[in-house]
Structures are given as structure tokens and as C-alpha cells.
Amino acid sequence: MSLHDKRTATDKVSVLDKYHKLDQGDRIQALYIWVDGTGEGIRCKTRTLDKLPESIDDLPIWNFDGSSTGQAEGFNSDVYLHPVSTFKDPFRGGENILVLCETYKYNHKPTNTNHRKSCFEVMENDKVKKSIPWFGIEQEYTLLDVDGHPLGWPKGGFPGPQGPYYCGVGTNKVFGREIVEAHYRACLYAGIKIAGTNAEVMPAQWEYQVGPCEGIEMGDHLWMSRYILHRVAEDFGVVVTFDPKPMPGDWNGAGAHCNYSTLEMRNEGGMKDIYEAIKKLEENHDYHIKKYDPNQGRDNARRLTGRNETSSINEFSHGVANRGASVRIPRQCAEDGKGYLEDRRPSSNCDPYSVTEAIVRTTILNHTE
């Protein structure tokens with residue numbers, strides 16, 4: 001066995017640490033990050049800048065080989081990277097930055113998985129801006145060993161039934177807490193609006209929450225938090241999956257429940273506006289299902305079965321404190337007569353730009369399909 005085989009992922013990070021401590025002078029490492037042609041995968045590459053950019057406009061447009069990411073043909077493979085948002089780099093530290101990018105084809109039109117552009121245009125609509133839409137997304141995910149089996153599960157077998165794992169404590173109830181804690185701290189350092197975290201119903205499944213975020217900020221912060229999660233798990237030699245139903249059978253799937261409110265919903269008497277929004281969501285159920293996972297509902301069909309704290313993909317429902325409904329009204333909001341609604345339909349692998357855009361189009365711009 002080679003030394004490379006013997007060294008664990010954590011050992012490698014420890015060795016790398018001495019190089020990260022080397023002085024890099026006045027130059028900056030900028031890691032460009034984008035969504036690939038699957039609509040789920042994240043890619044990245046680094047360039048050196050002579051100084052820290054003062055604004056997003058100071059960052060250069062870059063490019064990459066789109067034929068290797070499912071975003072271009074080999075004979076015309078260059079795809080442009082347009083920086084849109086920056087965060088502090090928790091892995092390199094110092095003044096180094098993470099740069100979230102939109103992707104554009106050779107003809108300067110957005111690639112098929114660049115859903116940010118249309119989302120941004122909707123969020124900039126005057127009517128939308130006056131409503132001040134706030135979002136919070138509860139991102140669920142599952143940790144896997146490198147063999148694809150859920151972390152901590154008996155090899156070739158299953159753990160005990162669900163029940164003791166949700167918000168659990170103890171070696172026999174939670175698996176991968178060190179990854180969760182590292183991710184949490186890295187997100188705080190980066191400037192992501194991470195709001196909390198907890199162990200979920202299925203063992204090796206976790207959740208973190210991002211928000212409240214206004215408008216386009218929701219998608220930016222969630223995509224960057226996903227990138228950071230993948231990188232942290234890489235350091236620990238563990239795999240992250242956002243598959244909405246990673247384990248078939250009587251195991252909870254993974255969603256990205258979207259909490260949503262407008263200024264009118266948050267004001268006194270806002271419950272009337274919440275129910276008006278729910279009615280519009282019901283009338284456009286099929287449209288939202290298509291927007292709530294990267295494969296137009298096919299991924300979510302494995303999760304939204306009407307069981308395991310989900311609604312049926314074929315029927316819209318809503319209720320106060322009902323986690324088996326399409327849309328839940330938190331009990332506290334019902335008692336206060338104002339607040340927000342929780343759309344429980346988005347899958348864990350959804351594109352948050354598509355989700356937030358669809359909600360705003362339906363509830364504020366009265367889109368129908």
C-alpha cells in the first residue's frame with residue numbers, strides 16, 4: 001500500500017495547512033464557482049488577482065471548457081464566467097475570495113442551467129421590489145461513505161427504524177456531526193446567512209437553514225453554502241448527496257422547504273395575504289412541481305409520495321402545522337395573524353433561483369400556466 005493510500009483526508013488537510021500559512025504577498029486567490037450542465041453539480045477554478053477587488057465590477061470575466069461540464073460542444077467549447085457575488089474564502093483565509101458566477105454561451109446568451117439571470121430580472125421588477133420578498137430555505141442533505149452507503153449505517157445493512165435520530169444526540173444516533181459543525185463555522189466566516197442546523201429524521205441526514213434573504217440573495221447564498229459543504233466533506237473524506245430520496249423504502253427523503261413572505265404578509269392582518277398566495281400556488285401546482293427539481297418533477301416524484309412527512313406530488317394541500325401538506329402555515333403565524341408560509345414541495349437538489357422565481361411570479365406577478 002502506498003503512502004498516498006494510507007493517508008486519510010484529514011491527514012492531507014493537516015499537511016496542507018503549513019502551505020496555507022505561507023505569505024502570499026499582496027496577491028489574491030479568487031476561486032470562481034459555477035453551476036454545471038446538470039443543474040446540480042458545482043465546478044470551480046482559481047485565478048490570481050493583483051489586488052482585492054473593490055466591487056464585483058472589478059472582477060474579470062473568465063471562461064472555461066463547457067464541453068467538459070455539459071454546457072457546450074467540443075468544437076465551440078468556451079463558456080463565459082460572469083462574476084455576480086463574492087464571499088470570504090474559509091479554506092484559504094486571508095483576503096482570498098470565493099466568486100459566484102453566472103455562465104454564458106459563445107453568443108453571450110445564458111446557458112441552459114443559468115437560472116439566475118431570469119430570477120434576477122424578476123426580482124428587479126418594481127412590483128416585486130415594493131413587496132420586499134423574503135426567503136429562507138431549509139436545505140436537507142445526506143452524508144455518504146465513499147462507497148455510497150449512508151455514513152454510519154451498518155455495511156450491507158440498515159440501522160434501527162426512524163425515531164431517535166431527529167435532532168438526536170449520541171454516537172449511536174448521529175453520524176457526521178464534525179462535518180456539520182465545520183460547515184456551519186465556514187459559512188459564518190464566508191458571510192453566508194446561515195441560520196441554524198439540526199440532525200434530520202433519517203440517520204446520516206442533516207439540515208441547515210439559510211435566510212432570511214431578500215430576492216436574488218437567497219439563491220446566491222444557498223449555492224455558495226452548498227459549495228462550502230462539498231469542500232468541507234472533501235476534507236473529511238465523506239460524500240454529500242442532495243438526492244431527494246437517497247434510500248428507497250420507509251426512510252424520509254430530503255427537501256429544500258422554502259419559507260416565504262412579503263411585506264404585506266408580515267404586516268398586521270397578513271394572514272389574508274398568506275391565504276391569497278396559497279390559493280395562487282394551488283392554481284399553479286403543476287408549474288411549481290416542474291420548477292422544484294432539476295428534472296421537472298421526476299426527482300421529486302420519488303420523494304413526494306404522501307408518506308414520510310410529504311404531500312402527494314399529484315395533489316395540492318395546505319394546513320396549519322401540517323408537515324404532510326404541500327404548504328404549511330406555522331402555528332405561531334396562525335396565532336399572530338401574520339408571518340410567512342412554508343412551501344414544502346421543493347426537492348433538496350432544486351435550483352433555488354428557479355424556486356424563488358416561480359414563487360414570486362405566481363404570488364406577486366400573478367403568473368398563470
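Computed quantities for the displayed model
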read-out	value
Where labels lie 7 Å past Cα in the beta-carbon direction, separation of LYS129 and GLN162 in nm	4.3
P(r) weight above 22 Å for the range 98-179, C-alpha pairs, percent	58
Dipole-positive endmost among GLY136, PRO346, VAL240 within the chain (Cβ charges, Cα centre)	VAL240
Cα-centre dipole for the chain with unit charges at Cβ (Lys and Arg positive, Asp and Glu negative), debye to 20	440
When the convex hull of its Cα atoms is projected in every direction, mean area for the range 26-113 (nm²)	5.8
Top of LYS130, LYS88, LYS338 by mean-square fluctuation, Gaussian network on the chain, Cα under 10 Å	LYS130
Binned Cα-Cα distance frequencies in the range 47-159 - 5 Å width, integer %	2, 9, 12, 12, 13, 16, 15, 10, 6, 3, 1, 0
22 Å Cα-Cα reach of LYS18 towards lysines, excluding residues that sit fewer than 8 places from it in its own chain	LYS6, LYS45, LYS88
Accessible area per residue, Å², the chain with all protein chains present, probe 1.4 Å	47
Descending Cα extents along the principal axes, the range 153-201, whole Å	39, 20, 15
Area accessible to solvent at SER67, 1.4 Å probe radius, in Å²	50
Relative contact order [Cα under 8 Å, 6+ residues apart], the chain, whole percent	16
19 Å reach of a label modelled at LYS117, 7 Å along Cα-to-Cβ, counting backbone N of the range 193-221	216-217, 219-220
Mean shadow area of the chain, taken as a quarter of the surface of its Cα convex hull (nm²)	20.8
Equivalent ellipsoid semi-axes - Cα gyration tensor, the range 77-118, angstrom	26, 11, 7
Of ALA72, SER311, THR356, farthest towards positive along the dipole that unit charges on Lys, Arg, Asp, Glu beta carbons give the chain	SER311
Descending semi-axes in Å of the range 129-176, equivalent ellipsoid built from Cα gyration tensor	33, 15, 9
Carbon and sulfur %, accessible surface of the range 124-364 computed with the full protein complex present, 1.4 Å	49
Candidates GLY170, GLY219, GLY237: whichever shows maximal mean-square fluctuation once the chain is modelled as a Gaussian network with Cα springs under 10 Å	GLY170
Proportion of all alpha-carbon pairs of the range 238-354 beyond 18 Å (%)	50
Whether the range 186-299 is rounded, prolate or oblate, judged on the alpha carbon gyration tensor where a/c under 1.5 counts as rounded	oblate
Mean ellipticity per residue at 222 nm, deg cm²/dmol - from DSSP H runs of n ≥ 4 across the chain, formula -39500 (n - 2.57)	-8000 deg cm²/dmol
Gaussian network model of the chain, Cα within-10 Å springs - most flexible of PRO133, PRO154, PRO352	PRO154
Ranked packing of 13-19, 194-200, most packed first, by mean Cβ within 10 Å	194-200, 13-19
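The values are calculated or read from the model by the stated rules, or taken from the named source; none is laboratory data. Small disclaimer: the values here were computed from a predicted structure and weren't measured. So basically every Cβ, Gly included, is an ideal-geometry build from the backbone, and we count neighbours across all protein chains shown. Side chains included, ligands, DNA and RNA excluded: accessible areas come from the protein's heavy atoms. Shrake-Rupley method; radii C 1.70, N 1.55, O 1.52, S 1.80 Å.
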